[in-house]
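Student: Mind looking over this structure? Questions follow.
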Amino acid sequence: MSTGLELLPLALAAGAVVAAVHRHEARSKAATGAQPIVSVDTRLRDEALLGQALASLGADEGWQGGYRYGRIGGAAVAFARSGQSTFTAFFDPGVSAETASALVRRLDAEYCAALRDRLVQGITARSRAQGLVASPPRPAPHGGYLVTVSERDGSGVELALADAGTVSAKTFGVRGAACLSWVPRVEALFEGRVLQSHYTQDFHTTESQDDAWTAYGDTEWHGTDSQETEWEGM
């Protein structure tokens with residue numbers, strides 16, 4: 001193996017499962033002493049996957065007044081997009097910050113499970129379109145799934161789809177700078193972006209790292225200042 005990659009699907013934002021918890025004054029003209037509304041910032045982006053996650057939790061969900069809503073564990077919650085295009089969850093007055101955070105973590109886990117299933121289906125279809133062969137998903141040692149995508153010459157990439165929704169990859173059967181040609185192909189396979197990359201030991205058995213970057217050092221995936229700034233802001 002020559003190159004290892006850490007990737008993020010477009011359906012997720014970088015950052016913690018629960019990014020921030022806020023308390024708001026109750027949106028009603030009730031008497032003073034009304035309990036606050038708690039909102040929780042999430043890393044969830046995809047509307048269809050959010051609906052699947054709510055359904056998996058048994059929520060009676062739908063749309064109302066521009067909000068996606070549901071009831072999780074007896075707590076009513078509405079979802080609206082934030083300025084970063086991720087969903088923020090707004091809970092009924094009386095739901096504590098601790099309860100809201102715990103429910104968002106449950107929702108996040110179901111969302112990631114639905115995302116993983118969609119990624120496997122997409123990787124298989126897009127591999128076929130590129131003339132590649134994708135293996136059936138198999139359990140990974142520490143959770144999630146492994147999918148191997150290979151060329152007819154035996155080279156390829158092994159994708160690890162983690163329970164947390166992120167993806168890692170390692171190329172195999174290709175050495176030196178040639179492994180870098182897999183980077184944009186991997187991004188296209190799972191519809192995401194590379195966050196980090198590193199060389200494995202095999203890379204140095206054929207040519208130096210400096211030689212590789214002579215040809216490939218300016219590519220966006222390596223992490224330009226603008227890309228790093230974009231992800232840090234999420």
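The values are calculated or read from the model by the stated rules, or taken from the named source; none is laboratory data. Here the structure is a predicted model, which is why all the values come from computation and not from measurement. No Cβ is skipped: glycine too gets one built from the backbone with ideal geometry, and neighbour counts run over all protein chains shown. Just so you know, the surface numbers come from the protein's heavy atoms only, side chains and all, with ligands and any DNA or RNA stripped out. Shrake-Rupley method; radii C 1.70, N 1.55, O 1.52, S 1.80 Å.
Student: Order the peptides 93-101, 48-56 from the highest to the lowest mean number of other Cβ atoms within 10 Å of their residues.
Tutor: So the order, starting with the most tightly packed, is 48-56, 93-101.
Student: Find the centroid of the Cα atoms in the stretch 38-67 and in the stretch 105-158, then give the distance between the two in whole Å.
Tutor: Between the Cα centres of the stretch 38-67 and the stretch 105-158 lies a distance of 24 Å.
Student: Given Ala129, Ala13, Gly51, which one lies farthest toward the positive end of the charge dipole of the stretch 6-131, if we put +1 on the Cβ of every Lys and Arg and -1 on the Cβ of every Asp and Glu?
Tutor: Looking along the dipole axis, the top candidate is Ala129.
Student: Now for a different question. Using a probe radius of 1.4 Å on heavy atoms only, what accessible surface per residue do you get for the stretch 22-166? Whole Å² is fine. Could the numbers behind the result be given before it?
Tutor: Values: 7450 Å² over 145 residues.
That works out to 51 Å² per residue.
Student: What part of the accessible area of the stretch 32-97, given as a whole %, is carbon or sulfur when the probe is 1.4 angstrom?
Tutor: Accessible surface attributable to carbon and sulfur in the stretch 32-97 totals 45 percent.
Student: Then there's this: What is the extension gain from Glu151 to Ala48, computed as 0.36 nm multiplied by their sequence separation minus the C-alpha to C-alpha distance, in nm to one decimal?
Tutor: Here the answer is 33.9 nm.
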